[in-house]
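First up is the structure itself, then whatever we jot down about it.
The values are calculated or read from the model by the stated rules, or taken from the named source; none is laboratory data. All values derive from a computational prediction rather than experimental measurement. In this analysis, Cβ positions are derived from the backbone assuming ideal geometry, glycine residues included, and neighbour counts consider all displayed protein chains. When the accessible area is computed, the model is the full protein with side chains, heavy atoms only, and any ligands, DNA or RNA have been set aside. Shrake-Rupley method; radii C 1.70, N 1.55, O 1.52, S 1.80 Å.
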Amino acid sequence: MVLLQWIGAVLMVLGSLLGVVAALGMLLLPDAAARLQAAAKPQVVGLLLILLGAAPFVRWWPALGMLLLVGAFQVVTAPVLTQLLARDSYRSGAWRRDLLLVDEYEADRAGGRDDASG
């Protein structure tokens with residue numbers, strides 16, 4: 001049992017470090033696209049590591065179920081939120097379009113297709 005708690009503590013520290021990496025990426029990266037990558041990926045994995053690390057310390061089964069629900073909710077909602085933020089930042093001009101290799105969204109908007117139509 002003590003070994004599981006040590007493993008849990010290490011996982012929580014690693015998850016916290018990933019959260020710090022995500023915060024640094026949000027501060028230091030140059031454009032909105034790179035910041036969205038830094039906000040979404042390490043943050044989700046970091047939270048999952050923290051939840052997994054907290055599991056050995058939880059002795060009440062419904063609380064363990066809540067940890068699983070929090071992790072599932074984060075995995076489902078983070079990509080959707082990132083997509084919405086990316087679309088809004090693109091529309092507001094926060095993206096460096098000179099760095100885009102292919103700009104499919106601009107082609108869709110020029111052709112009359114926007115978010116509501118497809």
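Annotations for the structure displayed:
- Of everything listed in (1) within 11 Å of the chain's Cα centre (by Cα); (2) open to solvent by 40 Å² or more (accessible area, probe 1.4 Å), the single unmet condition for Ala39 is (2).
- Selection status of Ala39, in contact (Cβ under 8 Å) with a residue 60 or more places away in the chain and either in contact with a strand residue (DSSP E or B) (Cβ under 7 Å, 6 or more places away or on another chain) or hydrophobic (A, V, I, L, M, F, W, C) (or both): no
- Verdict on Gly71 being more than 22 Å from Val20 (Cα to Cα) and small (Gly, Ala, Ser): no
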